[in-house]
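The values are calculated or read from the model by the stated rules, or taken from the named source; none is laboratory data. All values reported here derive from a predicted model rather than from experimental measurement. All Cβ positions, even for glycine, are placed from backbone atoms using ideal geometry, and neighbour counts span all protein chains on display.
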Amino acid sequence: MTRGLLSVKRVGARLASLPGYLGPEALGLGSAADVLVCGCVFVVASRRTGASLVTPDEKLIAKLAGSPDAANIIHTADWK
């Protein structure tokens with residue numbers, strides 16, 4: 001199996017098919033914070049719903065520390 005990189009245009013097209021059209025917002029957040037877009041989809045979903053995001057993803061938490069989203073992201077070890 002070979003891996004191919006997708007262009008920004010193709011990624012945008014695939015993300016546009018996500019429910020609630022989270023794609024462009026997630027792609028923007030991922031680009032700005034240098035975070036994987038798949039994690040950003042969950043961040044954007046939690047932002048839109050006002051819910052907390054509970055995740056074991058320490059890189060995501062570290063990269064978004066200091067951002068407006070940081071207050072709503074909880075590491076699984078800290079979740080009760």
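Kindly indicate the residue of segment 32-80 that is touching a Lys or Arg at 6+ places or on another chain (Cβ under 7 Å) and aliphatic (A, V, I, L, M) and also nearest to S17 (Cα to Cα) among those meeting that condition. Filtering first and then ranking leaves V35. Would you check if G66 is of a type outside the set (K, R) and either under 10 Å from the mean Cα position of the chain (by Cα) or not in a helix (DSSP H, G or I) (or both)? Yes; evaluated as a whole, the condition is true for this residue.
Look at A26 and say whether it is surrounded by fewer than 11 Cβ atoms within 10 Å (Cβ to Cβ), assigned to a helix (DSSP H, G or I) and either modelled with pLDDT of 90 or more or in contact with a Cys (Cβ under 7 Å, 6 or more places away or on another chain) (or both). Taking the combined requirement at face value, the residue does not satisfy it.
Go through segment 33-54 and give me each residue that's more than 11 Å from the chain's Cα centre (by Cα) and either assigned to a helix (DSSP H, G or I) or surrounded by 12 or more Cβ atoms within 10 Å (Cβ to Cβ) (or both).
Those that are more than 11 Å from the chain's Cα centre (by Cα) and either assigned to a helix (DSSP H, G or I) or surrounded by 12 or more Cβ atoms within 10 Å (Cβ to Cβ) (or both): R48, T49, S52, V54.
With the structure loaded, tell me whether T76 is among the hydroxyl-bearing types (S, T, Y) and touching a Gly at 6+ places or on another chain (Cβ under 9 Å) or whether it fails that test. Against the criterion (among the hydroxyl-bearing types (S, T, Y) and touching a Gly at 6+ places or on another chain (Cβ under 9 Å)), T76 does not qualify.
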